[in-house]
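Accompanying notes for the structure given below.
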Amino acid sequence: MPPLYPSHVPTSSLEKGFLSVFSAFKALHNPHRADMVAAFGETTGHLALTRLRRRMRADSVGRRILTERPLIDSNLLKRSCLADLPADSFGGAYARFLTGHGYDPDERDAVRFVDDEELAYVMLRYRQTHDFAHVLCGLPPTVLGELALKWFETVQTQLPMCAASAVTGPLSLPRLEREQLRRDLIPWAVRSGRKTLPLINVLFEEEWETPLVDLRKRLRLDPAPGDMCGLLLPTQQK
């Protein structure tokens, strides 16, 4: 088939099967290979992405997101002047998250292997709002924080990529962190993932000035337990 969108790489079912196995092996060997994690998510996520799109189409804000297709990039952040927002606002917390950890929203991989133009945007939206979930959940971008968030996202999205990371990732943790994940964070993630309204249907771009506490309350999201929230932003560490 011809490319359906600028970054699209058309692949057959056989090629997708090979890519999913190859990318899974590479991602397990080196979890920092974001390109391999992305490829695995795209080649195995069709059913989950279809369910997410159905959920978005059933929601007024989700339909608006699918229609307008907003993008989270550095140009948007500059226009939003996030650094000037109050410290307790969602936008202010997100700005500190980015600068504190040296992240750039433009570094997110483009979607390549999803053979449906609208589903490709759903995957991109999930990918670009991943750091918003970090801020809302109060989870730092450490290995432990990422794994806790993957459990939360597995419940919310049912993406095989999230489930695979959630199940296999703990093997790389030190014993004490593995115990903290099992005892505290996984139960929280499953419970909160079910209780929280679907984050895929949130137009975060219109919530910059909303107090973080109020946004969590509206979404019915309880942040992660323990001292994880204190690790969210480097400026908050003692």
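The values are calculated or read from the model by the stated rules, or taken from the named source; none is laboratory data. Source: prediction; values computed, not measured. When we count neighbours, we look across all protein chains shown, and the Cβ atoms used for this are built from the backbone with ideal geometry, even at glycine.
Of note:
- Selection count, region 4-37, where residues are touching a residue at least 60 places away in the same chain (Cβ under 8 Å), aliphatic (A, V, I, L, M) and either over 13 Å from Pro160 (Cβ atoms) or touching a strand residue (DSSP E or B) at 6+ places or on another chain (Cβ under 6 Å) (or both): 5
- Test: Leu119 is in a helix (DSSP H, G or I), modelled with pLDDT of 95 or more and closer than 21 Å to Pro223 by Cα: no
- Among residues that are out of contact with any Asp or Glu (no Cβ under 8 Å at 6 or more places or on another chain), buried (at least 17 other Cβ atoms within 10 Å of the Cβ) and either at pLDDT below 95 or over 30 Å from Met1 (Cα atoms) (or both), Arg108 is included.
- Of the set (1) hydrophobic (A, V, I, L, M, F, W, C); (2) over 15 Å from the mean Cα position of the chain (by Cα); (3) surrounded by fewer than 17 Cβ atoms within 10 Å (Cβ to Cβ), all apply to Leu181 but (3).
- Residues located in region 128-183, provided they are of a type in the set (Lys, Arg) and farther than 28 Å from Phe113 by Cα: Arg175, Arg178, Arg182, Arg183
- When residues in region 61-117 are screened for being of a type in the set (Val, Ile, Thr) and over 25 Å from Arg33 (Cα atoms), 3 of them pass.
- Residues (within 15 Å of the chain's Cα centre (by Cα) and either modelled with pLDDT under 95 or hydroxyl-bearing (Ser, Thr, Tyr) (or both)) located in region 193-222: Thr196
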